[in-house]
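Notes for the one structure printed next.
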Amino acid sequence: MTATPRGSIRNVEINELVGSLTPAEGKIFGLAEISNYSLQLAGRSAGEMLDSLSGSGRLSVKQGRIAAL
């Protein structure tokens with residue numbers, strides 16, 4: 001199986017996004033936008049698909065603030 005999902009994401013609280021993926025919750029704030037992303041994946045199982053995952057996109061943050069480095 002192969003897939004090539006594309007799309008965009010707008011007005012996501014970056015603190016919630018980063019906090020769900022890393023221990024950096026409460027350190028970065030603002031509205032995230034991924035204006036255009038593209039992913040590629042292939043495989044016969046979830047593991048194969050994850051191993052083959054690649055993609056590109058551009059992330060911007062509006063009204064951003066970093067609380068600590």
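Within the bounds of the stretch 21-30, is there any residue that is among the acidic types (Asp, Glu) and without any contact (Cβ under 8 Å) to a residue 12 or more places away in the chain? For the stretch 21-30, residues among the acidic types (Asp, Glu) and without any contact (Cβ under 8 Å) to a residue 12 or more places away in the chain: present. For residues in the stretch 4-53 being under 16 Å from Gly64 (Cα atoms) and among the small types (Gly, Ala, Ser), which is surrounded by the fewest Cβ atoms within 10 Å (Cβ to Cβ)? Looking at the filtered set, the residue picked out is Gly26.
Taking the residues in the stretch 18-69 that are among the hydroxyl-bearing types (Ser, Thr, Tyr) and part of a loop (DSSP other than H, G, I, E, B) as candidates, determine which candidate is nearest to the chain's Cα centre (by Cα). Out of the qualifying residues, it is Thr22.
Here, each number is a calculation from the coordinates, and none is a lab measurement. Model, not experiment: these values are computed from the prediction. Glycine gets a Cβ as well: all are built from the backbone with ideal geometry, and neighbour counts include every protein chain shown.
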